[in-house]
Amino acid sequence: MRYALTVDPGVRDLRTADHLLRELAAELALAEDVFGCTHLVRGDRPRVALSLALPSEPLLSTVRERLAAEGHEVCDGLPDPAGRAVLYPGAAAVTATLTVAQVLTRSAIDRVTVLGAPGPPAPGTLLVTRDHVRPQWRDGELVLTTMPAAGGVLVPFEVPEPTPCCADH
C-alpha cells in the first residue's frame, strides 16, 4: 500500500514542475522507491500539481510536515489517478538506448505502447530514451507511450525539449 500527498505549487508548465519535483525529492532525501508525478489541473486556474507516493505512513507524515513548514500547500491523496511519473523506481536506469525488455526489467514501468500500433512492441525493439522517460499511470499500470522513429527504433512520445506553440511567429 502506498501513501500519497499532493503539493500545489501553482506552477503552470511541466518543465518547471519536473524541476521542482526533483528539487523537493533531493531536499527531502527521498529514496528511489518513491513515485513523484505531475498532474494537470484544469478549471478556473489551470496549473500543474505534484504528487508523491511514499512507502509508509511515518514517511508520509514527515514529508507532509516538512513541506508544510516550507510553505507548500499540501493535502493528502492524489489529485487524480493518471499522473505523469517523473520519479519512479528505476528512472535513473532508463537512459540512453535500451531494449523494451530492459526498460521493463530495470524500472517500475509496467508496459510500453506504441502510438497507432495494435499491440505492444517486441521485447528486443530498441528504445532511444533521449534521457527523458515520462510514463503515465493508466488503470493502475505505469505505461510508457512511444512512437516510431527513423531506423526502426522507438522514442518516448514526450520530447525532452518541446517547441512552444507558435514558436516561429
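Of note:
- The stretch 91-156: antiparallel DSSP beta bridges as a percent of all, rounded to 5: 65 percent
- For the stretch 3-87, dividing the convex hull volume of the Cα atoms by the residue count gives 83 Å³ per residue.
- Residue by residue, the stretch 84-93 carries 3J(HN,Hα) couplings of 9, 6, 9, 10, 6, x, x, 4, 6, 8 Hz when phi is fed to the Karplus relation 6.51 cos²θ - 1.76 cosθ + 1.60 (θ = phi - 60°); x denotes Gly or Pro.
- Distance histogram in 5 Å bins (all Cα pairs of the stretch 91-156, percent per bin): 4, 20, 34, 29, 12, 2, 0
- Per the Debye formula on identical point scatterers at the alpha carbon atoms of the chain, with no solvent, log10 I(q)/I(0) at q = 0.09, 0.14, 0.15 Å⁻¹ is -0.33, -0.76, -0.86.
- The distance from the alpha carbon centre of the stretch 1-78 to that of the stretch 90-169 is 23 Å, rounded to a whole number.
- Looking at the stretch 4-84, the trypsin sites (Lys or Arg not before Pro) that sit in a DSSP loop and have at most 14 other Cβ atoms within 10 Å of their own Cβ are Arg12, Arg42.
- Rounded tilt (10° steps) of 57-69 against the dominant C-alpha axis of the chain: 70 degrees
- With K and R counted +1 and D and E -1, the other residues having a Cβ less than 13 Å from that of Ala82 yield a net charge of +1.
A short reminder: the numbers here are calculations on the coordinates, not readings from a lab. No experiment lies behind these values; they were computed from the predicted model shown. Positions of Cβ are backbone-derived with ideal geometry, glycine not excepted, and every protein chain shown enters the neighbour counts.
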